[in-house]
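I have placed the structure first, in the form of structure tokens, so that the comments after it can refer back to it.
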Amino acid sequence: MKNLDYDAVIIGAGVCGIYQAYKLKEMGKRFLLLEQGSDVGGTWYWNRYPGCRFDSESETYGYSFSEDLLKEWNWTEHFSPREETEKYLQFVVKRFDLREHMLFERRLISAIWNPDNSGWDLTTSTGEVFTTKFLLTAIGLLSSPTLPRYKGVEDFKYLSFHTFNAPREPVDFSGKSVAVIGTGATGVQLISEIADKVGSLTVFQRRPNWCAPLHNSKITPEEMVDIKNSYKEIFSLCYKTPSGFYHDVDPRKTFEVLPKEREAFWEDLYASPGFGVWLGNFKDILVDSEANAEFTKFIAGKIRQRVNDPRIANKLIPKDHGFGTRRVPMETNYYEAFNQKNVKLIDIGENPIKSITETGIQTEEHHYDFDIIIYATGFDAVTGAFDKINIVGEDGQTLRDKWTDGPQTNFGLSVSGFPNMLTLAGPQSGSVATNFPRGIEEAVNWCSQMLEHLFDNEINYFNPYPEAEAFWEEQVRQMSERILFGKEQSWFTGYNSNVDRNYRHKCLIYAGGQIRFRKFLAEEVSNGYPSFIMR
Ligand code: NA7
């Protein structure tokens, strides 16, 4: 290790990279963290669009590793807005003196495996070169935004941006005529937030999603005291659910319950905060089509109740998939926004967008003038951030080439042919399908334990066997087929109409839940890392 600059280099200063930095510091290793942005925060640094917040209960989103940290930090809303989460991550970095290990405004351009010193040669966008024994990627699942491929996107002469790259300074929407393209979780948050702040809002919807109310509220100082006294139980509860949230499935099946009781249960779920309506529902809702259809009818009824114009309500009701089989956007008055006179819904299935012009959007039927166009059009999810880096492993193969037909990994955490690399929040990982910090703490803990094993035993090289990847691919496939979610087109299953891919449908995450995932990881350790060559 003597010729290398670092024992480990982490890429990315989001939730995952920050925790990995804490662990390496605790281990007393020489490490560096490279970050493309000008500060820490990852997702919470970039997505500066109005309305951005997480859908996890705040007290379940913070790190659990330090009792002092838990005592010192106060959340002010049950579902924290972006600004507060960004401040929290800045606080953590300061609290544990991690900033001295970080370099900002450095995008990793290439990572080339160097067999001569059994390490990685890294080159950044600033032209700096670093060498490291271990490469730890924490580059995010949703960090490679994609714009639509409409003609003229570059031609619009006023303000336009993708939500991920929203301006750092707040945008003044008052009196402006605004277009939003895209109605996924991001578009839904944005539309709800700005509808009453703009002059006029025109929403271009291709496929509607099934949305449900978030029911956010303030956390009072008294509530925060209770939360602090209950952290042990809170994290223990999250540990026991497949998703890492509070919400766990109800053990009953939909049709075992009398219709009246069923309705009452669903009304309660709909009136409760957070993902309970999705993750705390009857156990067959997300796996059985008939059960799913029954609940889907209930939610469709809710949309009809909330939207005054039945034709608009009908457009907002998805027809191509059942509730919860794509990511459920959580909303605050989203449906009510369409009752406002200044909000218009354009169904681009009926009236397709032909181009973006200098002054607005040209559909087949009409030209619309705008002051601002916002693209809430999603991401080249999960693998996109990897594809942007020239990662070259053993035998000169690039990771991009290796994954051309979809990601292949060992537990979503390492890749055969790319030695000494851990993909902390990588494709096919179980941690990425959970309440993110809960899954991430587990993944980082596991990777850190493996790193300690390598350091302690002076192991300079690890590389997973191809057979281990084939085994994991099969696990990913089986879990994806169990649930209705695995059958639908969404970013989880590799769908993005704005990206060319060799594959059309491939589950990019391990959907078996954190309990199963944890078991695989524990067995790997107790059996002495059988899926890796180590030397
Ligand atoms: P999503 O969930 O991928 O949503 C993207 C939205 O943009 C979705 O409604 C798309 O419609 C729409 N879209 C994408 N391309 C186009 C074009 N070319 N024309 C019109 N509409 C388009 O991304 P989000 O950012 O909302 O959410 C990502 C995750 O962030 C979310 O799951 C949370 O975990 C946080 P489509 O469905 O493809 O018809």
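The values are calculated or read from the model by the stated rules, or taken from the named source; none is laboratory data. Just so we're clear, the structure is a prediction, and the values are computed from it rather than from any experiment. Virtual Cβ from ideal backbone geometry, glycine too; neighbours counted across all protein chains shown. Side chains are part of the model used for accessible areas, which takes the heavy atoms of the whole protein and leaves out ligands, DNA and RNA. Shrake-Rupley method; radii C 1.70, N 1.55, O 1.52, S 1.80 Å.
Solvent-free Debye calculation, one equal scatterer per alpha-carbon of the stretch 167-252: log10 I(q)/I(0) at 0.10, 0.12, 0.26 Å⁻¹ equals -0.49, -0.66, -1.27.
Please give the charge dipole size of the stretch 1-145, origin at the Cα centre, charges +1 on K and R Cβ atoms and -1 on D and E Cβ atoms. Round to the nearest 20 debye.
I would put it at about 280 debye.
Each listed q (0.23 Å⁻¹) maps to a log10 I(q)/I(0) for the stretch 253-327, found by the Debye formula over equal Cα scatterers with no solvent: -1.14. Helices of the chain meeting both criteria, an alpha-carbon length of 27 angstrom or more along the long axis and an average Kyte-Doolittle score not below -0.5, with helices taken as full DSSP H segments, are 436-456. When the alpha carbon coordinates of the stretch 446-528 are projected onto the principal axes, the ranges are 47, 28, 21 Å, largest first. 3J(HN,Hα) along the stretch 100-105: 4, 9, 10, 10, 9, 6 Hz, from the Karplus curve 6.51 cos²θ - 1.76 cosθ + 1.60 with θ = phi - 60°, whole Hz, x for Gly and Pro. Listed by chain and number, the aspartates and glutamates whose C-alpha is less than 17 Å from the C-alpha of Lys176, apart from same-chain residues fewer than 8 away, are Glu193, Asp196, Glu358, Asp369, Asp371. Both numbers refer to the Cα atoms of the stretch 212-265; Rg and Dmax are 15.6, 42 Å.
Taking the alpha carbon gyration tensor of the chain, multiplying each eigenvalue by 5 and rooting it gives semi-axes of 38, 27, 23 Å, largest first.
Between exposed GluC sites (Glu not before Pro) in the chain, where DSSP calls loop and at most 15 other Cβ atoms lie within 10 Å, what's the longest gap?
155-349
What part of the accessible area of the stretch 1-151, given as a whole %, is carbon or sulfur when the probe is 1.4 angstrom? Of all accessible area on the stretch 1-151, carbon and sulfur atoms account for 47 percent. Counting only DSSP beta bridges whose two residues both lie in the chain, roughly 40 percent are antiparallel. Here the Debye sum runs over all C-alpha atoms of the stretch 298-377 as equal scatterers in vacuum, and log10 of I(q)/I(0) at q = 0.14, 0.19, 0.23 Å⁻¹ comes out as -0.60, -1.03, -1.26.
Using the empirical formula 2.2 N^0.38 Å as the baseline, the Cα radius of gyration of the stretch 373-519 reaches a ratio of 1.06. For the stretch 13-65, averaging the sequence separation of C-alpha pairs within contact (under 8 Å, six or more residues apart) and dividing by the residue count gives a relative contact order of 37 percent.
Taking 26 Å as the limit for the C-alpha separation, the pairs Lys297/Lys487; Lys71/Lys197; Lys319/Lys402; Lys232/Lys487 exceed it in the case of Lys71/Lys197; Lys319/Lys402; Lys232/Lys487.
Convex hull of alpha carbon positions in the stretch 42-168: directionally averaged projected area 11.4 nm².
I want the local charge near Phe255. Using Cβ-Cβ distances under 15 Å, sum +1 for each Lys or Arg and -1 for each Asp or Glu among the other residues.
Local charge sum for Phe255: -2.
Summed over all non-identical Cα pairs, the Kirkwood treatment of the stretch 289-432 gives a radius of 19.6 Å.
Charging the Cβ of each Asp and Glu at -1 and of each Lys and Arg at +1, and nothing else, the dipole of the stretch 393-468 about its Cα centre rounds to 300 debye. Measuring spread by the Cα atoms of the stretch 346-420 yields a radius of gyration and Dmax of 20.2, 55 Å. P(r) for the stretch 50-98, from all Cα pairs and a bin width of 5 Å, is 5, 21, 34, 24, 12, 4, 1 %, short bins first. A DSSP coil position with no more than 10 other Cβ atoms inside 10 Å describes the following trypsin sites (Lys or Arg not before Pro) in the stretch 335-398: Lys341. Placing unit charges on the Cβ atoms only, positive for Lys and Arg and negative for Asp and Glu, gives the stretch 33-113 a dipole magnitude near 340 debye about its Cα centre. To put it simply, the accessible area of the stretch 284-395 at a 1.4 Å probe is 45 percent carbon and sulfur.
Near the amide H of His162, within less than 5 Å, lie the amide hydrogens of Tyr375, all on another chain or at least 5 residues away, with H placed in the peptide plane.
In loop segments of the stretch 135-244 as defined by DSSP, the trypsin sites (Lys or Arg not before Pro) with at most 12 further C-beta atoms inside 10 Å of their C-beta are Arg149, Lys157, Arg168. Spread over its residues, the convex hull of the C-alpha atoms of the stretch 1-60 is 93 Å³ per residue. Its residue count N sets the reference 2.2 N^0.38 Å, and the alpha-carbon radius of gyration of the stretch 246-289 equals 1.06 times that reference.
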